[in-house]
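Chemist: Got a structure for you, written out below as structure tokens; questions coming shortly.
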Amino acid sequence: MFKKFDRKLFEEFDKLARDAGKRYWKAKGYHVVDNTDRYGPDLIVTPVGGDEYSNGDFYCEVEIKRPWKGKEFQYEKLQIPGRKAKFLNKDKYNLPICFLVLNADQTYGYIIQGETLAETPLVEVPNKYVWKGEKFFRIPTETIEPVEIPND
């Protein structure tokens, strides 16, 4: 069972998350564009000097964790919804993927590689949106490092 799509949450947070992801990757020297596949991962990231879908490109799925304030993540494990596993399907999505999970004010985040997610078991976690049946990847925070997100 998955959380139902919530248009209000999408409209409130999608652009913020995408913009923060673009700021991060551009500051690291990459070219970043929104993915035109509205059901696919959020961003396509390209090394400078490369063209879209050239060797070295990858997808980046971005998400904001609203309870996370400041630099320090207050939980032992970072949760990524199991429904995001669809992005690990290499037959459908032909580029590697990473997940950029951001704090509420988009100043810090964690990057989780798709391979790490694929190796992480799914666990049912009751939450305020789906009290029974929704599964999450739960990544121990000691295995990932926070990254700082530039303001501009």
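The values are calculated or read from the model by the stated rules, or taken from the named source; none is laboratory data. Since the structure is predicted, the reported quantities are computational estimates derived from the model, not experimental observations. FYI the Cβ positions are ideal-geometry reconstructions off the backbone, even for glycines, and counts take in every protein chain you see. Ligands, DNA and RNA are stripped out before the accessible areas are found, and what is left, the full protein with its side chains, is counted by its heavy atoms. Shrake-Rupley method; radii C 1.70, N 1.55, O 1.52, S 1.80 Å.
To keep it simple, each residue is scored yes or no on (1) in contact (Cβ under 8 Å) with a residue 12 or more places away in the chain; (2) touching a helix residue (DSSP H, G or I) at 6+ places or on another chain (Cβ under 8 Å); (3) open to solvent by 50 Å² or more (accessible area, probe 1.4 Å).
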{"position": "D57", "(1), (2), (3)": "yes, no, no"}
{"position": "Q79", "(1), (2), (3)": "yes, no, no"}
{"position": "L100", "(1), (2), (3)": "yes, yes, no"}
{"position": "Y110", "(1), (2), (3)": "yes, yes, no"}
{"position": "G114", "(1), (2), (3)": "yes, yes, no"}
{"position": "L122", "(1), (2), (3)": "yes, yes, yes"}
{"position": "I139", "(1), (2), (3)": "yes, yes, no"}
{"position": "E145", "(1), (2), (3)": "yes, no, yes"}
{"position": "E148", "(1), (2), (3)": "yes, no, yes"}
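Chemist: I need the full set of residues from the stretch 83-98 which are closer than 25 Å to E124 by Cα and in contact (Cβ under 8 Å) with a residue 12 or more places away in the chain, in order please.
Modeler: So the first thing to find is which residues in the stretch 83-98 are closer than 25 Å to E124 by Cα, and the list is 83-90, 97-98.
Correct list: R83, K84, A85, F87, L88, I97, C98.
Chemist: Quick one: would you say Y75 is of a type in the set (S, T, Y) and more than 22 Å from E134 (Cα to Cα)?
Modeler: Working: of a type in the set (S, T, Y): yes; more than 22 Å from E134 (Cα to Cα): no.
No.
Chemist: Among the residues that make up the stretch 15-32, is at least one of them at pLDDT 95 or above and of a type in the set (D, E)?
Modeler: Scanning the stretch 15-32 turns up at least one residue that is at pLDDT 95 or above and of a type in the set (D, E).
Chemist: Mind checking which strands (runs of 3 or more DSSP E) fall wholly inside the stretch 69-138 and carry at least 3 residues that are modelled with pLDDT of 90 or more? Spell out the reasoning first.
Modeler: Working: elements: 77-81, 97-102, 108-113, 122-124.
Output list reads 77-81, 97-102, 108-113.
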